[in-house]
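The values are calculated or read from the model by the stated rules, or taken from the named source; none is laboratory data. Small disclaimer: the values here were computed from a predicted structure and weren't measured. Note that each Cβ is placed from the backbone with ideal geometry, even for glycine, and that neighbours are counted across all protein chains shown. Keep in mind that these areas ignore ligands, DNA and RNA; they rest on the heavy atoms of the full protein, side chains included. Shrake-Rupley method; radii C 1.70, N 1.55, O 1.52, S 1.80 Å.
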Amino acid sequence: MSGVVLFEHSHRGNVWRLEVATHNGRTFLNWRKWYWDGESFKPTREGCTIPLERLPDLMDGVASWLSGNDTSEAEGTP
């Protein structure tokens, strides 16, 4: 599986990645938890895949939420 990382977030020693990945000729969004095995990061089974054609729906949902909420008050914001 190969992918282009769009976003990473470290949490409790693991990394959550959102990537556009290709596997067996199919391209999709992959939201997955990765762990350090001592040499490199490896994916876990925790996460989900999202059909690439649903990306506009995901972006619309995030944009809609952002337009109605103040992210500066979000928990964990530096």
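Residues considered: 55, 18, 66. Largest GNM mean-square fluctuation over the chain, using C-alpha springs under 10 Å, is found at 66.
When the accessible area of the chain is computed with all protein chains present and a 1.4 Å probe, what percentage of it is carbon and sulfur? Kindly include the intermediate steps, with their values, before the conclusion.
Working: 3260 of 6170 Å².
Looking at the chain in its full context, I get 53 percent from C and S.
The modelled label-to-label distance between residue 72 and residue 42, using points 7 Å beyond Cα along the C-beta direction, is 4.4 nm. Residue order by solvent-accessible surface for 17, 12 is 12, 17, largest first, with ligands and nucleic acids left out and a 1.4 Å probe. Placing a pseudo-label 7 Å from each Cα along the Cα-to-Cβ vector at residue 54 and residue 35 gives an inter-label distance of 2.6 nm.
When you filter the GluC sites (Glu not before Pro) in the range 1-55 for DSSP loop state and at most 16 other Cβ atoms inside 10 Å of their Cβ, you are left with 39.
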